[in-house]
Amino acid sequence: MKKNLIGLSFDELNAELVSIGEKPFRTKQLWHWLYHQGQTDFSQMTTLAKDFRAKLADLYTAEHPKIVTEQTSVDKTRKWLVEFADGKQVECVYIPEEDRGAVCISTQVGCAQGCKFCHTGTQKLMRNLTAGEIVGQFMTARDSYNEWPTPTDETRFLSNIVVMGMGEPLYNFDNLSKALKILMDGDGIGISKRKITVSTAGMADNIPALADLGVKLAVSLHAPNNEIRNRIMPINKKYPLEKIIAACKEYQRRCERRQYITMEYVMLKGINDTPECAKELMDLVKGLEVKFNLIPFHKWDGAPFEPSDKETIKKFSKILEDNWFAAPVRRSRGEDIMAACGQLKSAKGNKEA
Ligand code: SAH
Ligand code: SF4
């Protein structure tokens, strides 16, 4: 199989070209074609010498993940099932706002964390995605919207990236950070670090390092104490709330500028949605600068929970807001195509490809 160049860092691409006897000055040109133009066909890279193009085509590919299915919701949310070279599949989603929007990308096929409320969690972890496969999802999204070459920041629709798809990103940290550096490169895809958010179920060891990458942090908190959290998130046994909160403090200490953390909180009926929970939650985050994001629970077939009532969610939000916390209730998007939070599931993830 030919090697895919997508996912190589600039230095690696340079080393690759040197290894086939090319001059290093060509790396920058090729980088531009790959990541600024989004060109997947070497023969179309018209500023490159003809013999160089032929050599590239001989040895490499620059393909983006293949779209297996594409669905667009009544609310314009778009979901893709994409497939990688080995046949493994993940889902990614575009969530449009007025004149911009976020692409939600995956970092693993399946997920080992097994959170009880999450559809992805019912699926075993098959494997980590490579840096190229993580970057490639965003490139495929750009293909789908014809958003090449990289538009200016102001004119692009695919403006933000949220790493909130399938898998636990901080258990695939090396590939994630390599991918983010490529996505952030100003001579290529050019998504600024302030427009990237990484969501974690609480793998505390790698939380502070997100500050060094400069990206935003979202924590799937979902419970105000260890007792409740242990029941719904197995990862809490290894990384209990004290460890997560300490890691969040370290993240904020390391951030260059003041950076709030988004605390995600899925509202589960009778489990974590009482006024006492809201109060306990506020005590828990003392000393941190946070915004809450209350997520209505999205039910899937066989899910062991019910969503909290609208009124209960409102009350919960009001308690937090009366105490000066931002606590909006997240608007549900793309529910008709199963594209909402925690509903992603790959078609072939469970089968051997
Ligand atoms: N593994 C990472 C990122 C992916 S999950 C994490 O857990 O943070 C993205 C968000 O959707 C998380 O906050 C997750 O807890 C939430 N989520 C999972 N299942 C959900 C469901 N059924 N309804 C609503 N939100 C859900
Ligand atoms: Fe994995 Fe996140 Fe789902 Fe938990 S919520 S099972 S960590 S994808």
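The values are calculated or read from the model by the stated rules, or taken from the named source; none is laboratory data. Model, not experiment: these values are computed from the prediction. Every residue, glycine among them, receives a Cβ derived from its backbone with ideal geometry; neighbour counts consider all protein chains shown.
Here are the numbers for the structure shown:
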{"item": "Residue identified as charged (D, E, K, R) and either closer than 26 Å to LYS216 by Cα or modelled with pLDDT under 95 (or both) among GLU352, GLU276", "result": "GLU352"}
{"item": "Unique match (being over 25 Å from GLN343 (Cβ atoms), away from ligand 2 (no atom under 14 Å from the Cβ) and either crowded, with 24+ Cβ neighbours inside 10 Å or without any contact (Cβ under 8 Å) to a residue 12 or more places away in the chain (or both)) among GLU133, GLU154", "result": "GLU154"}
{"item": "Looking only at segment 157-173, and only at residues there that are assigned to a loop (DSSP other than H, G, I, E, B) and of a type in the set (A, V, I, L, M), the one that is nearest to ligand 2 (Cβ to nearest atom)", "result": "MET166"}
{"item": "Strands (runs of 3 or more DSSP E) (entirely within segment 195-314) containing at least 3 residues that are of a type in the set (S, T, N, Q) and within 16 Å of ligand 2 (Cβ to nearest atom)", "result": "196-200"}
{"item": "First in segment 99-118 and over 12 Å from MET166 (Cβ atoms) and touching a residue at least 40 places away in the same chain (Cβ under 8 Å), second anywhere and in a strand (DSSP E or B) and more than 10 Å from ligand 1 (Cβ to nearest atom), Cβ under 6 Å, 6 or more apart", "result": "GLY101/TYR94; GLY101/ILE95; ALA102/ILE95; ALA102/ASN160; VAL103/TYR94; VAL103/ILE161"}
{"item": "Residue among GLU306, GLU311 that alone is surrounded by fewer than 17 Cβ atoms within 10 Å (Cβ to Cβ), touching a strand residue (DSSP E or B) at 6+ places or on another chain (Cβ under 9 Å) and modelled with pLDDT of 95 or more", "result": "GLU306"}
{"item": "Cβ pairs under 8 Å, 6+ apart, first in segment 275-292 and loosely packed, with under 14 Cβ neighbours inside 10 Å, second of a type in the set (S, T, N, Q)", "result": "GLU289/GLN252; GLU289/GLN259"}
{"item": "Single match in ARG156, ARG142, ARG127, ARG194 (criterion: closer than 18 Å to VAL90 by Cα and more than 16 Å from ligand 1 (Cβ to nearest atom))", "result": "ARG142"}
{"item": "Some residue of segment 142-155 being of a type in the set (D, E, K, R), at pLDDT below 95 and touching a helix residue (DSSP H, G or I) at 6+ places or on another chain (Cβ under 9 Å)", "result": "yes"}
{"item": "Meets criteria (in contact with a Gly (Cβ under 6 Å, 6 or more places away or on another chain) and either among the small types (Gly, Ala, Ser) or modelled with pLDDT of 95 or more (or both)) for THR200", "result": "no"}
{"item": "Hits in segment 275-311 - residues which are of a type outside the set (A, V, I, L, M), away from ligand 1 (no atom under 16 Å from the Cβ) and under 25 Å from the mean Cα position of the chain (by Cα)", "result": "GLU289"}
{"item": "Unique match (being in contact with a helix residue (DSSP H, G or I) (Cβ under 8 Å, 6 or more places away or on another chain) and part of a strand (DSSP E or B)) among VAL93, VAL82", "result": "VAL82"}
{"item": "GLY165, sole failed condition from (1) crowded, with 18+ Cβ neighbours inside 10 Å; (2) modelled with pLDDT of 95 or more; (3) within 16 Å of ligand 1 (Cβ to nearest atom); (4) within 29 Å of TRP31 (Cα to Cα)", "result": "(2)"}
{"item": "So GLU250, is it at pLDDT below 95, surrounded by fewer than 16 Cβ atoms within 10 Å (Cβ to Cβ) and more than 21 Å from ALA326 (Cβ to Cβ)", "result": "no"}
